[in-house]
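Chemist: Input: one structure, supplied below.
The numbers here are math on the coordinates, done by the rules we state, and not lab data. Bear in mind the structure is a predicted one, so any value in this text is a computation, not a measurement. Note that we place each Cβ from the backbone using ideal geometry, even for glycine, and neighbour counts take in every protein chain shown.
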Amino acid sequence: MKFCVFEQMQLSHDSCLLHLVSPVYATSGSLAIINLRTKAIKYVSGVNLVYVIETGSHRDELIYQRRMLRKSVAYPLIHARPDGRFIAEISNEDFPFEGRKDAPRLRQYLRKISGTITINDKELP
């Protein structure tokens, strides 16, 4: 029996790339980036959340939270290409869950790149 368990799904604006976050590790998930045209799949390990940038010149690029080992464990927000490749680390601040309106560095970064993401039906920034 084949099945897929995922916690979050995001779709690119042209519906070509499907982004699924699955709970695969005890402390983090994994991001599967599925090209629906070619059926190719790429994985980015350690990802807990993913959002597709919806507007501006960075449309369809990603903002994701990834588990990283430094002096201690960190979960920074990362700006990445649509295929998951790293562009920049945004911040190591708490991500806005359940409608919270914090994450000022993420808001500032999205304003700087003229991008928006939607979290729980609310547009950020």
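Chemist: Kindly indicate which of SER57, SER15, SER114 is at positive phi and in contact (Cβ under 8 Å) with a residue 40 or more places away in the chain.
Modeler: From the options SER57, SER15, SER114, the qualifying one is SER114.
Chemist: Can you find, within region 34-72, the residue that is farthest from ILE90 (Cα to Cα) among those that are among the polar types (S, T, N, Q) and surrounded by 16 or more Cβ atoms within 10 Å (Cβ to Cβ)?
Modeler: ASN48
Chemist: Something else now. Suppose we filter region 2-30 for residues that are loosely packed, with under 13 Cβ neighbours inside 10 Å and under 13 Å from the mean Cα position of the chain (by Cα); how many remain?
Modeler: Residues in region 2-30 being loosely packed, with under 13 Cβ neighbours inside 10 Å and under 13 Å from the mean Cα position of the chain (by Cα): 2 in total.
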